[in-house]
Amino acid sequence: MITKQLLMLVACAAALSLCLSVGAQEAQGAVVRWADLEIDPAQLESFKAAASENADATRRLEPGVLAFHAAAEKGNPTRIRVFEMYKDARAYRAHLQTPHFQRFRATTEKMMTARKLYDTVPILLGSKPQLPTTALVRIAELEIDPAQLEAYRVAVTEEIEASIRVEPGVLAIYSVALKDNLSHLRFFEIYADENAYRQHIESPHFKKYVDLTRSMITARRLFEAEPIAVRAKAR
C-alpha cells in the first residue's frame with residue numbers, strides 16, 4: 001500500500017517540475033541570485049541611476065540573462081532588493097565579466113553601506129511572456145516550518161501557477177528558497193497596478209493558499225517596494 005509519506009513525496013516532485021510550466025522562463029538549470037543592499041542616503045539617486053543603466057545594458061546585451069529586477073522598500077528607500085535570473089551558471093559567470101557590470105560595480109562600491117548576496121533554489125519562477133518597465137512591486141520574506149516545507153511548496157506552486165494563468169494583472173511571481181536555509185523563502189512579485197494586487201489577494205486561489213498555509217508559516221515580512229529596474233527577456 002502506498003503510504004501517506006510516499007504520496008507527499010510524489011506530490012512535491014510534481015510541484016517542483018512545475019518550474020518548467022507556465023511562465024517558468026527556462027527555469028531548469030536557472031541560476032537565481034538575490035541581494036539585500038543598504039545604500040548611503042546621500043548616494044541613493046546616483047545608485048538608482050547606475051543600477052537602471054546596468055539593468056538596461058544587461059537586458060540588451062546578454063542573452064543568458066532572463067530577468068534583472070531591483071526595487072527599493074517604501075518608507076525605507078535605502079534598502080534595496082535585487083532579483084537576478086540567469087539561464088545557467090555559465091551565463092551568470094559571463095555577466096560578472098561584462099564591461100557594464102564591471103563599471104556598475106566600480107561606480108557603486110562605495111555607495112553601499114551593507115550587502116548580502118544569496119544563492120537560491122527556485123520554487124516557481126512564474127511570469128507573463130512580457131513585462132512592462134514600470135509596475136507595482138511587492139516583496140515577501142517567509143519562514144516556513146521545516147516539517148511542513150514540502151507541503152508548503154506544493155500549495156504555493158499551485159497558487160502562483162493559477163495567478164499567472166488567470167489574472168491579467170499578475171505579471172510575475174518569483175518564489176525562491178535560500179540555498180543555505182531552505183525554510184527561508186523570498187518572493188519578488190510584480191503587478192500591473194494597485195488594483196491588480198487588490199484583486200489578486202481577493203482571488204479564490206489566493207484565499208485557498210492562505211487557508212492551506214496558515215499553520216505552515218512561522219514568520220512573515222511583507223514590503224511594498226518602488227521599482228528601480230524591471231527588466232526581463234520577452235518570451
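The values are calculated or read from the model by the stated rules, or taken from the named source; none is laboratory data. The structure presented is a predicted model; accordingly, all values stated were derived computationally and were not measured. Cβ coordinates were reconstructed from backbone atoms using ideal geometry, including for glycine residues, and neighbour counts include every protein chain displayed. Accessible surface areas use protein heavy atoms only, side chains included; no ligands, DNA or RNA. Shrake-Rupley method; radii C 1.70, N 1.55, O 1.52, S 1.80 Å.
General observations
- In terms of its alpha-carbon gyration tensor, region 97-235 comes out oblate; a/c meets the 1.5 threshold, while b/c is at least as large as a/b.
- Along region 197-210 the Karplus relation, 6.51 cos²θ - 1.76 cosθ + 1.60 evaluated at θ = phi - 60°, assigns HN-Hα couplings of 5, 4, 5, 4, 6, 9, 6, x, 5, 5, 5, 4, 4, 4 Hz to successive residues, with x for each Gly and Pro.
- Think of each Lys and Arg Cβ as +1 and each Asp and Glu Cβ as -1; about the Cα centre, that makes the dipole of the chain roughly 440 debye.
- Spin-label proximity, D56 to region 213-235 - amide N less than 18 Å from point 7 Å beyond Cα toward beta carbon: 227-234
- For region 106-175, the Rg and Dmax computed from alpha carbons only, in angstrom: 15.8, 44
- Too-long pairs where the Cα-Cα distance tops 26 Å, listed order kept, from K87/K128; K74/K110; K116/K207; K48/K233; K48/K179; K74/K208: K116/K207; K48/K179; K74/K208
- Mean accessible surface per residue for region 185-235, computed with a 1.4 Å probe while every protein chain stays in place, in Å²: 54
- Toward the positive end of the charge dipole of region 69-122, with +1 on the Cβ of Lys and Arg and -1 on the Cβ of Asp and Glu, the farthest Cα among L96, G75, T108 is that of T108.
- Carbon/sulfur fraction of accessible area - the chain, other protein chains in place, 1.4 Å, %: 55
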